[in-house]
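The values are calculated or read from the model by the stated rules, or taken from the named source; none is laboratory data. Small disclaimer: the values here were computed from a predicted structure and weren't measured. Backbone-built Cβ (ideal geometry, glycine too); neighbour counts: all protein chains shown. These accessible areas exclude ligands, DNA and RNA; they are computed on the full protein's heavy atoms, side chains included. Shrake-Rupley method; radii C 1.70, N 1.55, O 1.52, S 1.80 Å.
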Amino acid sequence: MNGMVEFVKHKKGMNGIEKLKKEYGEINFRELKSYSIDEFTRFVGAVMRVLNYTDPARFQEHFAPIVFEYLMNKYPDISKKYPDLYSFLLNIPRIHDSIPGAFCCEIGKIRIIEANDDEKEITMEYVSPYKLDALFLTLIKESAKYYKEPVDIKILSKMTEGADKTVVKIKVG
């Protein structure tokens, strides 16, 4: 939620923050606090209205770079602990569980299904009641940019296309 506040600030400055407060109410969110699905949905709707987004996938794609930068700046030890893209991607489930902490069980789960260290290939699945496929995929692309390493992503299934989970095969290098 705080990442989305930063997104509004990035796109619309303090005027956008004031509009968001009028649209939603108080926006001082606690870190690592569990917010209900209804609360999260209401907040995302307010953010999308303030930023004039009507397409949820487009919103997620534009939000992902900002939230990725926000998280990497907020938790600089991540890049020290995982110095390359492959090690970072292999540990996405652990990172995801540690950053959103208290609310990650409600938001979604990321799991490594298969990893081939020799080929630097990972098959990963993502499940979320929000079906944030675009955010998930764009965050993988943003991590590749951050680490300055090429990545090839093959989408095997997407929740927004009717699957019960999003599954991707990622090749680093």
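Tabulated data
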{"item": "The chain: angle of helix 37-50 to the longest principal axis, Cα-based, in degrees nearest 10", "result": "70"}
{"item": "Stretch gain in nm, segment I113-I17, where the contour uses 0.36 nm per residue and the Cα spacing is subtracted", "result": "30.6 nm"}
{"item": "Cα long-axis angle, helix 2-24 against the chain (0 to 90 degrees, to the nearest 10)", "result": "30"}
{"item": "Anchor K120: lysines whose Cα lies under 19 Å away (excluding residues fewer than 8 positions away in-chain)", "result": "K81, K141, K145, K148, K154, K169, K171"}
{"item": "Net charge of neighbours whose Cβ lies under 12 Å from the Cβ of S87, counting Lys and Arg as +1 and Asp and Glu as -1", "result": "+1"}
{"item": "Carbon/sulfur fraction of accessible area - segment 1-64, other protein chains in place, 1.4 Å, %", "result": "48"}
{"item": "Under 10 Å, Cβ to Cβ, from K171 - net charge with Lys/Arg +1 and Asp/Glu -1", "result": "0"}
{"item": "Computed [θ] at 222 nm, helices only, for the chain once each DSSP H run of length n ≥ 4 contributes -39500 (n - 2.57)", "result": "-16500 deg cm²/dmol"}
